[in-house]
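The values are calculated or read from the model by the stated rules, or taken from the named source; none is laboratory data. All figures in this text were calculated on a predicted structure; none of them were measured in a lab. With ideal geometry, Cβ positions are generated from the backbone for all residues, glycine too; neighbour counts draw on all protein chains shown. To get the accessible areas, we keep the full protein, side chains included, count just its heavy atoms, and leave off ligands, DNA and RNA. Shrake-Rupley method; radii C 1.70, N 1.55, O 1.52, S 1.80 Å.
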Amino acid sequence: MFKNPTSNLKIYLLTLLSFLTLLSCKTSITTDNTAVDNFAAADQIIEDIIIPTFPDATFNILDYGAVADGVTKNTVAIKLAIEECNAAGGGTVLIPSGKFLTGAIYLKSNVNLHLEDGAVVLFSTETKDYTPLVHTSYEGQELMNYSPLIYSYNEKNIAITGKGTFDGQASNANWWKWAGKEEYGYVEGEPKQGDDHNLPRLWAFSDENKPVSERVFGEGHQLRPQFIQPFGCENVLIEGVTILNAPFWVIHPIKSNNVTVDGVTINSHGPNNDGCDPEYAKNVHITNCTFDTGDDCIAIKSGRNNDGRQVNIPSENIVVENCDMKDGHGGVVMGSEISAGVRNVYVRNCTMDSPELDRAIRIKTNTLRGGFVENVFVKDIKVGKVKEAMLRINAYYGTYANQEGDFIPSIKNIHLENITVEDGGKYGVLIKGRPENIVKNVTLKNITIKSADTDLSVENSEPLQFENVTINGKKY
């Protein structure tokens, strides 16, 4: 049957070798700058993300007693429409044109909450409208607290879509002043989030591994709710809507998988008003969005300190593209709640430009947070003006109290290419690593920073790898 077994063996070995070579070419991550096309992995992530679809059934909130006068609370009407839609097997809950006041909205599986063009959903600023308390998170630590304005817990196939507007109505008169800063309406002597019964209490609960069910906050405490929080959800779509005036973080997919944020406009300048914060999240696509925020435009997170290490779910496979970043502390940021780590982040075709935008790309951690950041790929970015740096890596990030501990962070494989910066602010590139574990494998390719007060400030890092890089007219 086999006239030449040696020849057949050779053919088999050659076929096996070809297969293994092809397989290696499809590897999504490279740990050095020998990559042929790292962004093929980004394309694959996008292709693999499941975008929810819904039955062709519509449940108009007007049919459940909603009143579009901007004064009547429609919490019950919206709840009834969502519940009936879910019970019927799914579909679209329609919020038509008009102004609708509501408390917390709980979004259930197989429901698309759709805002018609001209629809404005106004959220109550009364704390009682965000009870009962729910399992949520505050700056990377889980707790029982006020419900996010729009919340889902362990749901599947959910969406928030349309051309309408969500207005959290947060301002210096309500939620924002709890941050404890005069610029946000705080008056000395009033309660604030830094008081012992708030954040220090939560930090202690985390250090003690106290069950989340016993970490009860809410009334009598000053920890603000997120705007939109899918918690432990799968197949999430947030598309087209405009979001204004958030109490705290704006979009916070936590412990969620397959998340798409597409064409969303965020204009929210309160304290800690991050635009989108994937946390313990996997397979996330953020595209065609505009961020004009009071804090980081996009901040990828993975828990704070002991909580993050106990949960131990890295945020990974995150693609950011075709976005416009305006005001904010950073354009695309990893940290500072980063104790479980972040890897496989792809950023491309974005613009970042504002005198109030501090950094374009930022990594921030310390030895209390620890964690790791690895495999970050950034290309085709246009930066107009930033205050501090095009790239900042800081392993000494500090906020609140002492930030020194025993958890040495790891930062490696950071690759930036095809970036132009008109005004880089104080530094072109600013890196401050740890001597115990220096920053490794940072490459810069085809980058022009036309002006910066200082070209480079680099500590505790392997030598940067330059290819066709110019800063202040000097070639590197």
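Can you order the peptides 274-281, 420-427 by their average number of other Cβ atoms within 10 Å per residue, highest first?
Packing proxy ranking, top to bottom: 274-281, 420-427.
Quick one: Cα convex hull volume of the chain, Å³ per residue?
178
Tell me which residues come under 5 Å, amide H to amide H, from LEU357 once H is placed; ignore anything under 5 positions away on its chain.
Under 5 Å from the amide H of LEU357 lie the amide H atoms of GLY328, LYS387, each far enough along the sequence or on another chain.
How many percent of Cα pairs in the stretch 351-405 exceed 13 Å?
64
Say R0 is 45 Å: what FRET efficiency, to the nearest 0.05, do SER457 and LYS163 get from their beta-carbon distance?
Calculated value: 0.50.
Expressed in nm to one decimal, what extension gain is obtained for the pair THR351 and GLU214 from 0.36 nm per residue of sequence separation less their Cα-Cα distance?
This chain segment gains 44.9 nm when fully extended.
Name all residues of the stretch 97-121 having a backbone nitrogen under 16 Å from the label point set 7 Å from the Cα of GLU83 along its Cα→Cβ direction, giving them as ranges.
103-109
Over the chain, what relative contact order in percent results from Cα pairs under 8 Å that are six or more residues apart?
Over the chain, the number comes to 9 percent.
Multiply the residue gap between SER171 and ASP380 by 0.36 nm, knock off their C-alpha separation, and tell me the result in nm, one decimal place.
So the chain would gain 71.6 nm between SER171 and ASP380.
For LYS99, which lysines qualify as cross-link partners when the Cα separation must be under 16 Å and same-chain residues fewer than eight apart are set aside?
Here the lysines satisfying the reach criterion relative to LYS99 are LYS73, LYS163.
How charged is the neighbourhood of LEU94? Take every other residue with its Cβ under 10 Å from the Cβ of LEU94, and add Lys/Arg as +1 and Asp/Glu as -1.
Local net charge: -2.
Report the charge-dipole magnitude of the stretch 332-476 in Debye, nearest 20, computed about the Cα centre from +1 at each Lys and Arg Cβ and -1 at each Asp and Glu Cβ.
The dipole magnitude comes to about 240 debye.
Once every DSSP H run of n ≥ 4 in the chain is given -39500 (n - 2.57) and the sum is divided by its residues, what mean residue ellipticity at 222 nm do you get, rounded to the nearest 500 deg cm²/dmol?
One gets -4000 deg cm²/dmol as the mean residue ellipticity at 222 nm.
I need the calculated FRET efficiency for the pair LYS450 and ASP56, taking r as the beta carbon distance and R₀ as 56 Å, to the nearest 0.05.
0.60
So which chymotrypsin sites (Phe, Trp or Tyr not before Pro) in the stretch 77-181 are both in a DSSP loop and have at most 15 other Cβ atoms within 10 Å of their Cβ?
Filter output for the stretch 77-181: empty list.
How large is ³J(HN,Hα) for each residue in the stretch 217-227, as worked out from phi by the Karplus curve 6.51 cos²θ - 1.76 cosθ + 1.60 (θ = phi - 60°), to whole Hz, x for Gly and Pro?
Each residue of the stretch 217-227 in turn: 10, x, 4, x, 10, 10, 10, 6, x, 6, 7 Hz.
I'd like the orientation of helix 75-87 relative to the chain: the angle between its Cα long axis and the longest Cα principal axis, in ° from 0 to 90, rounded to 10.
60
On a 0 to 90 degree scale, rounded to 10, what angle separates helix 5-25 from the longest Cα axis of the chain?
Helix 5-25 and the main axis of the chain meet at about 50 degrees.
Could you report the accessible area of LYS99 in Å², rounded to 10, computed with a 1.4 Å probe on the protein chains as they sit in the structure?
110
Please work out the Cα convex hull volume for the stretch 297-354 and give it in Å³ per residue.
56
Report the local net charge at LYS474: Lys and Arg +1, Asp and Glu -1, summed over other residues whose C-beta lies under 12 Å from its C-beta.
Net of charged neighbours comes to +1.
About the Cα centre, and with charges only on the beta carbon of Lys, Arg (+1) and Asp, Glu (-1), how big is the dipole of the chain? Nearest 20 debye, please.
1260
Can you list the residues, at least 5 places off or on another chain, whose amide H is less than 5 Å from the amide H of GLY263, using H built in the peptide plane?
Those lying under 5 Å, H to H, from GLY263 are GLY240, THR287, ASN288, CYS289.
Working from Cα positions, state the angle (0 to 90°, nearest 10) between the long axis of helix 39-48 and the longest principal axis of the chain.
The helix 39-48 is inclined about 40 degrees to the chain.
Going Cα to Cα from LYS255, which lysines come in below 22 Å? Please leave out same-chain ones fewer than 8 positions away.
LYS255 reaches LYS108, LYS156, LYS210, LYS282, LYS301, LYS364.
Only sites in a loop by DSSP and with at most 11 other Cβ atoms within 10 Å count here; which GluC sites (Glu not before Pro) in the stretch 135-191 make the cut?
GLU188
If all Cα-Cα distances of the stretch 213-282 are sorted into 10 Å bins from 0 onward, what percent lands in each bin, rounded to whole numbers?
Per 10 Å bin, starting at zero, the Cα-Cα P(r) for the stretch 213-282 comes out as 20, 45, 29, 6 percent.
Hey, got a sec? Which GluC sites (Glu not before Pro) in the stretch 190-246 land in a DSSP loop and have at most 11 other Cβ atoms within 10 Å?
Passing sites in the stretch 190-246 are GLU208, GLU219.
What does the net charge come to around GLU279 if you take all other residues with beta carbon closer than 15 Å to its beta carbon, with K and R at +1 and D and E at -1?
Every neighbour counted, the sum reads -1.
Under unit Cβ charges (Lys, Arg +1; Asp, Glu -1), what dipole magnitude, rounded to 20 debye, does the stretch 179-260 have relative to its Cα centre?
Once rounded to the nearest 20, the dipole reads 240 debye.
By how many nm would the segment from VAL67 to LYS181 grow when fully extended, if each residue of separation counts as 0.36 nm and the alpha-carbon distance is taken off?
That works out to 37.4 nm of additional length.
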